[in-house]
Amino acid sequence: MIHQIDTTDNIVAFRALAEVTKEDFLTAVVPAVEHLVKQTNEINFLLVLDTDIKNFTAGAWLQDALLGLKHLGKWNRAAIVTDSEDIISFTNGFSYVVPGEFHGFKKEAFNKALNWVEGNINLPN
């Protein structure tokens, strides 16, 4: 399941717990991202992974990919917060292949991730 995290109006933030399904994306993530794009014309996104990546169903991955493609030019900043080094490395590499900045953060750096996505701080290159 995915729960939206209350944040500032210029970002959307979510916490993933247990199994994450297509329905989770359709009912929580997609409407919030669509609303953000209408309000700000860009996407600043934060996802905290409090579940193993294996708990994302195929339908959830498909919805995630479709959302990303639909708004490809709108991505500004996206952070994934996890303790998995593999996911952090994968996320950091995403900036090289799609528009926008993508960065992985350890869970202990949640506040730094949130501040970065909000645009309050910059990260060294």
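The values are calculated or read from the model by the stated rules, or taken from the named source; none is laboratory data. This one's a predicted model, so the numbers in the text were calculated from it and none came from an experiment. Counting neighbours? That spans all protein chains shown, and the Cβs are built from the backbone with ideal geometry, glycine included. Please note that ligands, DNA and RNA were not included when accessible areas were found on the heavy atoms of the full protein model with its side chains. Shrake-Rupley method; radii C 1.70, N 1.55, O 1.52, S 1.80 Å.
Worth a mention:
- Farthest toward the positive end of the dipole of the chain, out of PHE102, HIS35, LEU72, is the Cα of LEU72, where the dipole comes from beta carbon charges about the Cα centre.
- Nonpolar atom fraction for the chain, defined as the carbon and sulfur part of the 1.4 Å probe accessible area, stands at 53 percent.
- All Cα pairs of the chain, percent lying beyond 16 Å: 60 percent
- Structure-based [θ]222 nm, the chain - -39500 (n - 2.57) summed over DSSP H runs of at least 4, per residue, nearest 500: -10500 deg cm²/dmol
- Amide H contacts of ALA78: PHE45, GLU101, PHE102, HIS103, each under 5 Å away and 5 or more positions distant or on a separate chain (H built 1.01 Å from N in the peptide plane; Pro and chain starts excluded).
- Between ARG15 and LYS107, the modelled label-to-label distance comes to 1.1 nm, taking each label 7 Å out from Cα in the direction of the beta carbon.
- Amide H partners (placed H, <5 Å) of VAL20, local residues excluded: PHE56, THR57
- For the chain, relative contact order (Cα pairs under 8 Å, six or more residues apart, normalised by length) works out to 23 percent.
- For the pair LEU123 and MET1, the difference between a 0.36 nm per residue extended length and the Cα-Cα distance amounts to 40.9 nm.
- Residues ARG77, ARG15, ordered by accessible area of protein heavy atoms at a 1.4 angstrom probe radius and largest first, appear as ARG15, ARG77.
- Rounded if a/c under 1.5, otherwise prolate or oblate - segment 78-125, Cα gyration tensor axes: oblate
- Segment 1-70: Cα Rg divided by the 2.2 N^0.38 Å rule of thumb: 1.04
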